[in-house]
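Beneath this line is the structure, given in structure tokens, with notes to follow.
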Amino acid sequence: MLNVGIIGCGSIARQRHAAEYKHNENTNIAGVFDVSRERAESMAADFGGKVYESAEALIADPSIDAVSVCVANAYHEPITIDALNHGKHVLCEKPMAITLAECEAMYEASQKNGMRLLIDHNQRLTPAHKKAKEIIASGELGRVISFSATFGHKGPEMWSADKSSNTWFFKKNAAAFGSMADLGIHKIDLMRYLIGADVKNVFSRMATLDKKFPDGTPIEVDDNSVEILTFDNGALGTVTTSWTHYAEECNASTLYCEKGTIKLYQDPTYSLQIVYADGTKVNYQLDRIQTNDDKQQTSSGTIDLFVDSILTGKPSVLDAADIIKSMRVVFACLESADSGRIVDL
Ligand SMILES: NC(=O)c1ccc[n+]([C@@H]2O[C@H](COP(=O)([O-])OP(=O)(O)OC[C@H]3O[C@@H](n4cnc5c(N)ncnc54)[C@H](O)[C@@H]3O)[C@@H](O)[C@H]2O)c1
């Protein structure tokens, strides 16, 4: 039995980490911490575990084997490194950290201490994405020539534990990034994963089009973005992100391959659809993508994978070693949006 600690007791901790640890027969939620004592106590009451006085105290407890880091982006790195240095395995939320140097320091700490470090890129684990990976890797559709991927919803202030337009998600010092890194990281990473190649260069535009703080001033980060990615195997496509899709969430991708098209999460019943070049259609009824509107998110698969990777020592698709390459693309997009130029990786 692994004793796990959860640091940060907001929405993702409650809806995914705590709920999924509770369902995993090999874990016991031993401790929780949040800068909001009230939130930590409420989560401990619902899911179990001792409420610690600080992240440092939880991490220093030798009875804790593994830690989930579910705090605001700017604090991923110090908490993760402290936990790794204290001999804990870590599952850290995305985006991994707020600078490339921080991401590298986290990875190095995991290597130096011989501890697992996984990053919660749960989109790699959804049934339709797993099946698409299998189909592309089999070669039956030939190579991916182009793609488009969109992730847009009505904004993190509707999801965060602090449901106000004063949320940390809108502030540079705590979030560092806006919609591009918050949502785009999922799709950038997914395209890298599905295509099975690395990104060669990027061109990005980001804008703050609509979101405002309570005093009416624009938020400090982007609320919409468009990225053009060129892969080193020639594939070309776009990633679009938005926090202003007020009517309907969009979490869909299309990959145009030599022998057909793969459509992901575009149909409410068939999460994976293949249209072959001869017009034949094959629909797969696999699952429904998890959205921020879901009341119960108990099956992302991330927690089970984290626990399994600790217990078996097997490599996992969420290992930081590969996710860090997706973060390089995010930082290149930031540089491109800033400079107005194409950025090579
Ligand atoms: N993998 C995914 O699909 C996914 C989805 C949503 C959020 N996230 C990520 O999860 C992280 C948390 O997001 P959320 O939606 O739960 O936000 P949230 O606002 O609901 O919760 C964040 C919690 O962290 C606490 N906190 C902030 N800084 C802290 C610190 N230094 N020490 C202890 N507690 C601290 C806050 O008090 C709050 O309770 C973010 O990095 C976010 O990008 C990932």
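The values are calculated or read from the model by the stated rules, or taken from the named source; none is laboratory data. Since we're looking at a predicted model, the values are computed, not measured. Don't worry about glycine lacking a Cβ; one is built from the backbone with ideal geometry, like all the others, and counts go over all protein chains shown. Areas reflect the complete protein model, heavy atoms only, side chains present, ligands, DNA and RNA absent. Shrake-Rupley method; radii C 1.70, N 1.55, O 1.52, S 1.80 Å.
Screening 198, 232, 189 for residues that are modelled with pLDDT of 95 or more and closer than 25 Å to residue 70 by Cα leaves exactly one candidate, 189. When restricted to residues that are among the small types (Gly, Ala, Ser), under 21 Å from residue 303 (Cα atoms) and either more than 6 Å from the ligand (Cβ to nearest atom) or part of a helix (DSSP H, G or I) (or both), the stretch 70-99 contains 3. Among the residues of the stretch 223-242, the ones that are surrounded by 23 or more Cβ atoms within 10 Å (Cβ to Cβ) and either free of Cβ contacts under 8 Å to residues at least 40 places away in the same chain or part of a strand (DSSP E or B) (or both) come to 6 in all. Total residues in the stretch 45-69 satisfying the condition of being of a type in the set (Gly, Ala, Ser) and within 13 Å of the ligand (Cβ to nearest atom): the figure is 4.
Looking across the stretch 161-173, just one residue is within 10 Å of the ligand (Cβ to nearest atom) and open to solvent by less than 10 Å² (accessible area, probe 1.4 Å), and that is 167.
Here is a yes/no grid of residues against (1) of a type in the set (Lys, Arg); (2) part of a strand (DSSP E or B); (3) near the ligand (Cβ under 6 Å from one of its atoms):
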| residue | (1), (2), (3) |
| --- | --- |
| 4 | no, yes, no |
| 17 | no, no, no |
| 22 | yes, no, no |
| 25 | no, no, no |
| 28 | no, yes, no |
| 31 | no, yes, no |
| 35 | no, no, yes |
| 38 | no, no, no |
| 42 | no, no, no |
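Residues are listed down the side, and each one gets a yes or a no for (1) over 28 Å from residue 177 (Cβ atoms); (2) part of a strand (DSSP E or B); (3) open to solvent by less than 20 Å² (accessible area, probe 1.4 Å); (4) of a type outside the set (A, V, I, L, M, F, W, C):
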| site | (1), (2), (3), (4) |
| --- | --- |
| 244 | no, no, no, yes |
| 248 | no, no, no, yes |
| 253 | no, yes, yes, yes |
| 256 | yes, yes, no, yes |
| 262 | yes, yes, yes, no |
| 267 | yes, no, no, yes |
| 275 | yes, yes, no, no |
| 278 | yes, no, no, yes |
| 282 | yes, yes, no, no |
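Could you go through the stretch 182-189 and let me know if any residue there is open to solvent by 10 Å² or more (accessible area, probe 1.4 Å) and under 18 Å from the mean Cα position of the chain (by Cα). Yes, because at least one residue in the stretch 182-189 is open to solvent by 10 Å² or more (accessible area, probe 1.4 Å) and under 18 Å from the mean Cα position of the chain (by Cα). If the condition is being among the hydrophobic types (A, V, I, L, M, F, W, C) and either open to solvent by 20 Å² or more (accessible area, probe 1.4 Å) or in a strand (DSSP E or B) (or both), then the stretch 123-135 contributes only 125.
The set of residues from the stretch 196-220 being surrounded by fewer than 23 Cβ atoms within 10 Å (Cβ to Cβ), not in a strand (DSSP E or B) and not charged (D, E, K, R) comprises 196, 197, 208, 209, 213, 214, 216, 217.
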